[in-house]
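See structure below.
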Amino acid sequence: MKKADIILIVTLICVFLIFLGLHLFNDSKKSDILVIQHDSKVIYRESIHKDNEIQIKDRYGNITNIVTIKDGTAYMSFADCANKDCKHMGKLTPSSKKQIACLPNKVLVYLISTDSEVDGVTR
Amino acid sequence: MNRTKKITISAIFAALAIALSVAESFIPFSAIAPGVKLGLANVVPLTLLYVFGPAYAISVQAVRVSVAGLLRGNIVTFLFSFFGGMASITICSLIKRQKRVEFSVIGLSVIGAVIHNAAQFFTALVILKNLNIFWYIAVLTIFAVIAGVLTGLISKYTIKALERYSNRF
């Protein structure tokens, strides 16, 4: 290993650890509006405390994903893709700072806070 | 070594890279964090970059991402593999060519892994059109650095062995 290698590795790790830390420790308001986005369109937008089961269908009408909302948590209960990453992403709760994404089917599940009237982040 | 031999060996390497890509998809790295991978198949183009030069490395990578991308997943996952793989090897070739900052194989492997991830991540941003997931690049990059060091070590020893072998021709 050369000096340049070590500088590179240390810089990358430090910068991105700080970035991750800022994200995780940044206080944010509780977000309890669950938004499901499919193919860049919002298809569902309701309180996470309302139990529901949302089926996401592709344009041929086959069910590609199922999002289950139960007891204030939301998770992907079914996905037809090969790697099932979205099912490994666990459950969303009002205080969690993550999203559930299923890239092969272009599905994204995330939370926004109650008082944001317009969804400022989705473009 | 003449050109025919180089092309033949590159073809064997392309097959090896495809096999490694497929084999790796059976290891559930996604249990650590979704999207995390070791990237064993990236050892092949990186090794070729040192042994035969950028033209062979980029061609083998193009074959690898096209075939492996079509073998598993759909068009969306194919786009990820394609942009990630091609961006990674092209930038590695360019960095190896400049002489101002010299990296070893391990440094270059880390750069390759990070670029691979970043390109895939930006493809994901374009497909999902949502910036809420932007923070996740931090998780991916940290794991990419670790994976890059590991595959860099493998490449280092492979290059050594191959250079000894190619001297016999």
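No lab work stands behind these numbers, since they all come straight from the coordinates. Treat the numbers as computed from the prediction; the structure is a model and nothing was measured. Methodologically, a virtual Cβ is constructed for each residue, glycine included, from the backbone with ideal geometry; neighbour enumeration extends over all protein chains shown.
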Within the range A:54-102, the residues that are out of contact with any Cys (no Cβ under 6 Å at 6 or more places or on another chain) and assigned to a helix (DSSP H, G or I) are A:Asp85, A:Lys87, A:His88
Residues of the range A:71-107 being in contact with a Leu (Cβ under 7 Å, 6 or more places away or on another chain), within 12 Å of another protein chain (Cβ to nearest Cβ) and either surrounded by fewer than 17 Cβ atoms within 10 Å (Cβ to Cβ) or polar (S, T, N, Q) (or both), which ones?
A:Lys97, A:Gln99
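Test of understanding: among A:Ser47, A:Ser31, which residue is of a type in the set (Ser, Thr, Tyr) and either surrounded by fewer than 17 Cβ atoms within 10 Å (Cβ to Cβ) or under 30 Å from B:Lys37 (Cα atoms) (or both)? Before you say what the answer is, go through the steps one by one.
Values: A:Ser31 fails: either surrounded by fewer than 17 Cβ atoms within 10 Å (Cβ to Cβ) or under 30 Å from B:Lys37 (Cα atoms) (or both).
Result: A:Ser47 is the single residue among A:Ser47, A:Ser31 that is of a type in the set (Ser, Thr, Tyr) and either surrounded by fewer than 17 Cβ atoms within 10 Å (Cβ to Cβ) or under 30 Å from B:Lys37 (Cα atoms) (or both).
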Please find, within the range B:7-26, the residue that is nearest to the other protein chains (Cβ to nearest Cβ) out of those that are hydrophobic (A, V, I, L, M, F, W, C) and farther than 16 Å from B:Leu71 by Cβ.
B:Phe13
Restricting attention to the range B:107-126, does a residue exist that is facing chain A (nearest Cβ under 9 Å) and either in a loop (DSSP other than H, G, I, E, B) or of a type in the set (Gly, Ala, Ser) (or both)?
yes
Within the range B:85-139, how many residues turn out to be touching a strand residue (DSSP E or B) at 6+ places or on another chain (Cβ under 8 Å), buried (at least 20 other Cβ atoms within 10 Å of the Cβ) and without any contact (Cβ under 8 Å) to a residue 40 or more places away in the chain?
3
For A:Cys14, work out the one condition from (1) touching a helix residue (DSSP H, G or I) at 6+ places or on another chain (Cβ under 9 Å); (2) not in a strand (DSSP E or B) it doesn't fulfil.
(1)
Collect the residues in the range B:66-81 that are surrounded by fewer than 18 Cβ atoms within 10 Å (Cβ to Cβ) and away from chain A (no Cβ under 12 Å), keeping them in residue-number order.
B:Ser66, B:Val67, B:Leu70
Pairs, please: C-beta under 6 Å, at least 6 apart or cross-chain, first residue within 9 Å of chain B (Cβ to nearest Cβ) and in the range A:16-27, second assigned to a loop (DSSP other than H, G, I, E, B)?
A:His23/B:Trp135
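Considering only the range B:118-155, how many residues are of a type in the set (Gly, Ala, Ser) and more than 20 Å from B:Ala17 (Cβ to Cβ)? Let's see the steps before the verdict.
In the first step, residues of the range B:118-155 are kept if they are of a type in the set (Gly, Ala, Ser); the result is B:118-119, B:124, B:138, B:144, B:147-148, B:152, B:155.
Keeping just the survivors that are more than 20 Å from B:Ala17 (Cβ to Cβ) gives B:118, B:124, B:138.
Total meeting the criteria: 3.
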